[in-house]
Each structure stands twice: as C-alpha cells, then as structure tokens.
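Enquirer: Before I ask anything, let me first share the structure, which is written out below as structure tokens.
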Amino acid sequence: MLIGACGLNWDATVYEWNKSAGRRILGQRSVGRGKVEVADFSGSRCIYVLYKGADIYYVGLSTSYGLLSGRLSDHLKDRHAELWDQFSWFSFDAPSEEVDEDGVLILDDDWDFYDKLTANEAIKDLEAILIALLAPSGNRRNEKFAAGEKWTQVIKP
C-alpha cells in the first residue's frame, strides 16, 4: 500500500489559508447508509498537483508530517501565486480511527506499511496516480489504489 488516500481537483479558492484559520483541508467519504466520515488532510505527507483550470501547472511534494496545508499556502504567496486554482493530492498517510474534538478523523502519521509493500502494489498505485492525472483516452478503467480511498472535498458554507 503506497497511497493511503487521495483527493482530485479540489477548489483552492474555498480555503482560508492563513494560520489563524487553521488551514484545515477536509475530505469526506460515504461509509454507508447516509453516514459520512470527515478527515483532515492538512498534515498529509504526499505528492500534490496544482492546476490552472484543467491544465496541470505544477507538481510538488510534502515529505514532513504537517506540511501540505503550509506548502499550498506558500504557493499562494510565492512565484506560483494566482497561477493555480485547483489541486489534487496523493497521500502516503491514511486517516486513523482517532477523531479530534470536532469529530474529524486525524491522519495516522505512523501509516508506514512500506516494509510490507510489494512491487506490484507500488506499480499499481503509481499507475493509478498517472491515470488520475492524465486521464488518457485509451484507458477504459478508473484509477484504483491498492488501499487508498478517494475523498471528496468538504466545502464550508
């Protein structure tokens, strides 16, 4: 299991990126019978992609726990400012069973199954990333990660 979770084409304009706003990057998934889980991916160790409209603009990484929201926030102030409006992310962390005081799942920063990772699992997850990003017309199937689930963006009113 290489990828623990992912989010595709999230709208960057819905966030308050300053530190006082907490820079939470919330995702949700359905867990059956109308129940939804929400997780905070702001601390994700991941590969992220910035888009301007439908075009890929930039690819970056967050290798230290807690940096995704900071990296994205920085890109709104650095040479990339106003050159992107959406992002996708592919996390090497997965949500834990633990929740914070708001009932939001926190990331498991010990989600290191890499000692058990097979070459086939890694290759399939890398293929899934490329299919998700490039959407090649010759591929008939959707991206499918060995263990990682797709989360949809939570947009606050």
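Enquirer: Given the options 31, 59, name the one that is at pLDDT below 90 and open to solvent by 30 Å² or more (accessible area, probe 1.4 Å).
Expert: Values: 59 fails: at pLDDT below 90.
Of the residues listed, the single one that is at pLDDT below 90 and open to solvent by 30 Å² or more (accessible area, probe 1.4 Å) is 31.
Enquirer: Step by step: first the residues of segment 109-129, then only those that are in contact with an Asp or Glu (Cβ under 8 Å, 6 or more places away or on another chain) and modelled with pLDDT of 85 or more, then the one that is surrounded by the most Cβ atoms within 10 Å (Cβ to Cβ). Which residue is that? So that I can check it myself, show each step before the final result.
Expert: Within segment 109-129, the subset in contact with an Asp or Glu (Cβ under 8 Å, 6 or more places away or on another chain) is 109, 111, 127-129.
When the remaining residues are screened for being modelled with pLDDT of 85 or more, the result is 127-129.
On the way: 127: 14, 128: 22, 129: 20.
Here the answer is 128.
Enquirer: Can you tell me how many residues in segment 82-101 are farther than 18 Å from residue 44 by Cβ and loosely packed, with under 11 Cβ neighbours inside 10 Å?
Expert: Count: 2.
Enquirer: Oh, and also: So, residue 39, is that one closer than 18 Å to residue 148 by Cα, assigned to a helix (DSSP H, G or I) and touching a residue at least 60 places away in the same chain (Cβ under 8 Å) or not? I'd like the intermediate steps shown before the answer.
Expert: Values: closer than 18 Å to residue 148 by Cα: yes; assigned to a helix (DSSP H, G or I): no; touching a residue at least 60 places away in the same chain (Cβ under 8 Å): yes.
Spelling it out, it is not the case that residue 39 is closer than 18 Å to residue 148 by Cα, assigned to a helix (DSSP H, G or I) and touching a residue at least 60 places away in the same chain (Cβ under 8 Å).
Enquirer: Do any residues in segment 128-157 that are within 20 Å of residue 116 (Cα to Cα) have Cβ atoms under 7 Å from those of residues that are small (Gly, Ala, Ser) and part of a loop (DSSP other than H, G, I, E, B), where the two are at least six apart or on different chains, and which pairs are they?
Expert: Matching pairs, first to second residue: 147/4; 148/4.
Enquirer: Do any residues in segment 70-96 that are of a type in the set (Lys, Arg) have Cβ atoms under 9 Å from those of residues that are surrounded by 19 or more Cβ atoms within 10 Å (Cβ to Cβ), where the two are at least six apart or on different chains, and which pairs are they?
Expert: 71/48; 71/62
The values are calculated or read from the model by the stated rules, or taken from the named source; none is laboratory data. Bear in mind the structure is a predicted one, so any value in this text is a computation, not a measurement. Cβ coordinates were reconstructed from backbone atoms using ideal geometry, including for glycine residues, and neighbour counts include every protein chain displayed. Side chains are part of the model used for accessible areas, which takes the heavy atoms of the whole protein and leaves out ligands, DNA and RNA. Shrake-Rupley method; radii C 1.70, N 1.55, O 1.52, S 1.80 Å.
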